[in-house]
1. For the range 226-238, give me each residue that is assigned to a loop (DSSP other than H, G, I, E, B), more than 19 Å from the chain's Cα centre (by Cα) and at pLDDT 85 or above.
2. For the range 171-190, enumerate the residues that are touching a strand residue (DSSP E or B) at 6+ places or on another chain (Cβ under 8 Å) and open to solvent by 20 Å² or more (accessible area, probe 1.4 Å).
3. Within the range 218-231, take every residue that is of a type in the set (A, V, I, L, M) and closer than 30 Å to residue 62 by Cα and give me the one that is least open to solvent (accessible area, probe 1.4 Å).
4. Do we find a residue being touching a Leu at 6+ places or on another chain (Cβ under 6 Å) and surrounded by fewer than 20 Cβ atoms within 10 Å (Cβ to Cβ) anywhere in the range 200-217?
5. Name the single residue that is farthest from residue 209 (Cα to Cα) among those in the range 35-51 being in a loop (DSSP other than H, G, I, E, B) and in contact with a Ser or Thr (Cβ under 9 Å, 6 or more places away or on another chain).
6. Is it the case that some residue within the range 71-82 is assigned to a helix (DSSP H, G or I), in contact with a strand residue (DSSP E or B) (Cβ under 6 Å, 6 or more places away or on another chain), β-branched (Val, Ile, Thr) and closer than 30 Å to residue 232 by Cα?
7. Test residue 112 against the stated conditions and say whether it is open to solvent by less than 60 Å² (accessible area, probe 1.4 Å), at pLDDT below 95 and in contact with a Lys or Arg (Cβ under 9 Å, 6 or more places away or on another chain).
Amino acid sequence: MPGIARLAPGDEFPPSSQALTYPNGLLAAGGGLSPERLTAAYRRGIFPWYEPPQPVLWWTPDPRSVLYLDALHVSRSLRKTLRQTTLQLSVDRRFASVMAACAAPRRDSDGTWISHDMLQAYQALHRRGIAHSIEVLSAGGELVGGLYGVALGRVFFGESMFSRVPSASRIALVALVSLLRQADFRLIDCQVESAHMNRMGARLISRLDFEAELAQNVNQCIDPTIWVLPAHCGDLLP
């Protein structure tokens, strides 16, 4: 991987201007996945994404996919689902299970980028109150969908989501946005563009604009008790 910085455990990240244009946003390799390293990375809009046996690879793509909370699009069909579903919601009760479900092989992929080391690293962030999960549960309490990510200041950095029943990941996203709106968050970082997130209202902004958003919002103080949702999905609708 010529052209990118190699990090030792104590090294700082290089400026984002040194990120490669191809592959888009690759900035550095190595340095480990300590909670301190991960927190420092997210504060600068940098995230890890790699597959063992690769070293940890750090990315800051340009442009960046973001979802401003007031731009969330909830279709009529999803509104109907939210009113009628028997699915229920919880927050931070099954973080490890949500990560494990996100790490499970998908129908369109043989493997996963969520390695054992990643699982351990984000669970450490969760124990510190930095990483959070939204869980979608069946009426019988089975985990059928959800998402997880990192919250710093007024920014939520989305990492991954999953569905085992139709619309479960979309319900998790609506629940997350409802919670974040109440806590005066600014946006959700979606990292890279996807058709799924575009349909939900995400859009692309430049890396410079994204870093400006972080500078204004990532160090804001947020009440740590905000992570509560209504149990029933229908209560998410105004």
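The values are calculated or read from the model by the stated rules, or taken from the named source; none is laboratory data. Source: prediction; values computed, not measured. Positions of Cβ are generated from backbone atoms using ideal geometry, with glycine treated the same way; all protein chains shown enter the neighbour counts. In case anyone asks, the SASA skips ligands and DNA or RNA and just uses the protein heavy atoms, side chains included. Shrake-Rupley method; radii C 1.70, N 1.55, O 1.52, S 1.80 Å.
1. 230
2. 186, 190
3. The qualifying residue least open to solvent (accessible area, probe 1.4 Å) is 218.
4. Yes - at least one qualifying residue is present in the range 200-217.
5. 51
6. For the range 71-82, residues assigned to a helix (DSSP H, G or I), in contact with a strand residue (DSSP E or B) (Cβ under 6 Å, 6 or more places away or on another chain), β-branched (Val, Ile, Thr) and closer than 30 Å to residue 232 by Cα: absent.
7. Yes; evaluated as a whole, the condition is true for this residue.
Residues checked against (1) over 24 Å from residue 13 (Cβ atoms); (2) open to solvent by 50 Å² or more (accessible area, probe 1.4 Å):
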position	(1), (2)
60	no, no
73	yes, yes
88	yes, yes
91	yes, no
117	no, yes
131	no, no
